[in-house]
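Here's the structure we're looking at; comments come further down.
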Amino acid sequence: MITLVAVLVTTTCVMAQSGPKDIIPAPFHYEVTKGTTSLPEAADMDIRIGSKKFLSRIKGYGLEDWQVKSAYYLELSPKGLHIEAADYEGFFYAIQSAYMMRFVSPEIQCCRILDWPRFRHRGMMLDVSRNFQPVEFVKRQLDMMALLKMNKFHFHLVDHPGWRIQIDKYPLLTGFSAWRTKDDWEDWIKDGQRFLDRNDPAARGGFYTKKDIAEIIAYAADRQIEVIPEIEMPGHNYESIAAYPFLSCMDPDGKDHLKGVHELCPGNEQVYEFLENVLTEVFEMFPSKYIHIGGDEAGKGNWAKCPVCQAKMKAEGLGNVEELQSYLVKRMEKFVNDHGKTIIGWDEILEGGLAPNATVMSWRGTEGGHKAIEDGHDVIFSPTQCYYLDYHQAADQYRAVGPYQPLKQTYSFEPIDENIAPENVHHVLGVQGNLWTEFVNQWWHAETMLYPRLFAIAETGWSQPQRKDYSSFRNRAVTWNKVLDYLGYNHYKLGPVEKDGN
Ligand code: ACM
Ligand code: ZN
């Protein structure tokens, strides 16, 4: 606590004066009071956690328990900084608001702030499979997430172009499938998508050891962030099949395993053994409630021809390959649930029948999310058209996967619309921005894609809808462009509105 404040008082500024108007995400309520002040030394802080006064202050707003835990009251006056919260979490968010003002200027408008989050999942996904990023890079983004009061870091650790997490039982995943012939994803595809032995002088890539993972989780936890690992199944498994060919389907005459394919064989019991062994080590590493099991974009053509898959479908009475995928997901869900955890899957897990306790991450628009909600499931919205941070922010910006998606478009997303019945709103856990990294192979490029669009997602995740206002947000984003410069983050440089359509 004291250390946080010490950092706060030694940083410099980008504007003459700051105040609650500069905070992203916009607080629920603030009022400015007389005078300005600088942030006090720790001795001048008055902190009340769990006070009755605070509980009576927030009574009457109909807050749920999880919101109460995150709520805070902050009063900054010439006398000092007074903070009230029900829980340490709320205190932490109060400090982030103080940081936000202090990063803008040491001279701060005196004020009172009462604040809490709108959604419980305020997430960011980073794909480290296509381009590996060192622990220090991950920590930098966790720092920014914390400032933005974001609380879920979805770690996309495994995928077709690289396996990035130590699994002791299957050493080739990181001894081979984490090391490519080329750094650049596109060059690697053109070069034949080959992996190399870790000790090969030409090997490019990396992975996180169990010690690295523990370090990231602890760093995130200090910032009220839960790290949710994603272990993809049954698609996007080119890399694990490259290391362990027994994981793929058989050719139609049942003589050999298919090579260079992306899908696991859901007919093969050895695949379940592999997934359970991997997840067992993942459970040991990650204390998170959720485990993301992927489930997206599995090509099912080989399953229709594989004799092992066909035998499984017959034995289990499965009518089509969608039901075969659903069989795998349901079976893995049971395994995850038996270990006290809950699965999240991309919205394809709806096809063939949704696993009973699954949370759905709606990415192909919002329809999948709406369907899951109607069926009584929790949903996180991360629709491509607003929340895919690998899409262009400006017409002339680098190589990118997707079309133009400026800040305004990201800001415009509203997760709760007429498709969600009022009694089902509680199934909307929140929102998440996703940074896939096919064309993002430098740290500075990743940050350019993240910022300032992540600010917009943070505001939708935290701020009440009546506090959302694009022109106010854009002014704050411009201010925060300067703070990001000061803090050494790269970012997309917001130009005049006419220029970049933002
Ligand atoms: C995804 O973008 N394939 C989830
Ligand atoms: Zn098969």
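The values are calculated or read from the model by the stated rules, or taken from the named source; none is laboratory data. Please read these numbers as outputs of a predicted model, since none were measured by experiment. No Cβ is skipped: glycine too gets one built from the backbone with ideal geometry, and neighbour counts run over all protein chains shown.
Within segment 247-263, which residues are away from ligand 2 (no atom under 11 Å from the Cβ) and surrounded by fewer than 17 Cβ atoms within 10 Å (Cβ to Cβ)?
Asp253, Lys255, Asp256, Lys259, Gly260, listed by residue number.
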Please verify whether segment 205-219 includes one or more residues that are in contact with a His (Cβ under 9 Å, 6 or more places away or on another chain), of a type in the set (Gly, Ala, Ser) and buried (at least 19 other Cβ atoms within 10 Å of the Cβ).
no
Which residues, taken from segment 348-385, are in contact with a strand residue (DSSP E or B) (Cβ under 7 Å, 6 or more places away or on another chain), charged (D, E, K, R) and under 15 Å from Phe413 (Cβ atoms)?
none
Looking at Asn490, Asn475, which one is surrounded by fewer than 19 Cβ atoms within 10 Å (Cβ to Cβ) and part of a helix (DSSP H, G or I)?
Asn475
Out of (1) away from ligand 1 (no atom under 16 Å from the Cβ); (2) part of a helix (DSSP H, G or I), the one Gly368 does not meet is (1)
Identity of the residue in segment 290-308, surrounded by 15 or more Cβ atoms within 10 Å (Cβ to Cβ) and assigned to a helix (DSSP H, G or I), that ends up farthest from ligand 1 (Cβ to nearest atom)
Pro307
If you check Asp187 against the conditions, is it under 27 Å from His82 (Cβ atoms), of a type in the set (Asp, Glu) and either crowded, with 23+ Cβ neighbours inside 10 Å or without any contact (Cβ under 8 Å) to a residue 40 or more places away in the chain (or both)?
no
Could you tell me whether Asp143 is closer than 25 Å to Phe283 by Cα, crowded, with 24+ Cβ neighbours inside 10 Å, of a type in the set (Asp, Glu) and modelled with pLDDT of 95 or more?
no
Report whether or not Gly352 is within 16 Å of ligand 2 (Cβ to nearest atom) and at pLDDT below 95.
yes
Which of the residues spanning segment 250-288 are more than 24 Å from Asp347 (Cβ to Cβ) and hydrophobic (A, V, I, L, M, F, W, C)?
Met250, Leu258, Phe274, Phe283, Met285
Out of (1) under 22 Å from Ala242 (Cα atoms); (2) under 22 Å from the mean Cα position of the chain (by Cα), the one Leu147 does not meet is (1)
Exactly one of Pro229, Pro234, Pro266 is surrounded by 18 or more Cβ atoms within 10 Å (Cβ to Cβ), within 13 Å of ligand 2 (Cβ to nearest atom) and within 15 Å of Trp163 (Cα to Cα), and that residue is Pro234
Output for segment 292-314, where each listed residue is within 18 Å of Gly353 (Cβ to Cβ) and either among the β-branched types (Val, Ile, Thr) or near ligand 2 (Cβ under 8 Å from one of its atoms) (or both)
Ile293, Trp303, Cys309, Lys312
Segment 194-250, residues that are outside any helix (DSSP H, G or I), within 16 Å of ligand 1 (Cβ to nearest atom) and out of contact with any helix residue (DSSP H, G or I) (no Cβ under 8 Å at 6 or more places or on another chain):
Ile228, Glu230, Glu232, Gly235, His236
His262: passes all of (1) away from ligand 1 (no atom under 16 Å from the Cβ); (2) out of contact with any strand residue (DSSP E or B) (no Cβ under 6 Å at 6 or more places or on another chain) but (1)
Assess whether Met285 counts as being surrounded by 16 or more Cβ atoms within 10 Å (Cβ to Cβ) and under 24 Å from the mean Cα position of the chain (by Cα).
yes
Mind listing whichever residues of segment 359-387 are farther than 28 Å from Lys330 by Cβ and buried (at least 19 other Cβ atoms within 10 Å of the Cβ)?
Cys386
Look through segment 415-462, keep the residues that are under 19 Å from Pro25 (Cα atoms), within 18 Å of the chain's Cα centre (by Cα) and in a loop (DSSP other than H, G, I, E, B), and return whichever of them is nearest to ligand 2 (Cβ to nearest atom).
Pro415
Residue pairs, Cβ under 6 Å, 6 or more apart or interchain, first in segment 242-259 and on the phi > 0 side of the Ramachandran plot, second within 13 Å of ligand 2 (Cβ to nearest atom). List them.
Gly254/Pro307
Considering only residues that are within 13 Å of ligand 1 (Cβ to nearest atom) and either touching a His at 6+ places or on another chain (Cβ under 6 Å) or in a helix (DSSP H, G or I) (or both), look in segment 371-384 and name the one that is nearest to Gly294 (Cα to Cα).
Ile380
Scan segment 84-101 for residues that are touching a strand residue (DSSP E or B) at 6+ places or on another chain (Cβ under 7 Å) and under 14 Å from Ile24 (Cα atoms) and jot them down.
Tyr93, Ala94, Ser97, Ala98, Met101
Taking into account only those residues within segment 400-434 that are in contact with an Asp or Glu (Cβ under 8 Å, 6 or more places away or on another chain) and modelled with pLDDT under 95, which is farthest from Ser382 (Cα to Cα)?
Ala400
Residue list for segment 265-289, restricted to those being in a loop (DSSP other than H, G, I, E, B) and in contact (Cβ under 8 Å) with a residue 60 or more places away in the chain:
Pro266, Phe286, Pro287, Ser288, Lys289
For segment 333-365 the number of residues that are in a strand (DSSP E or B) and free of Cβ contacts under 8 Å to residues at least 40 places away in the same chain is 2
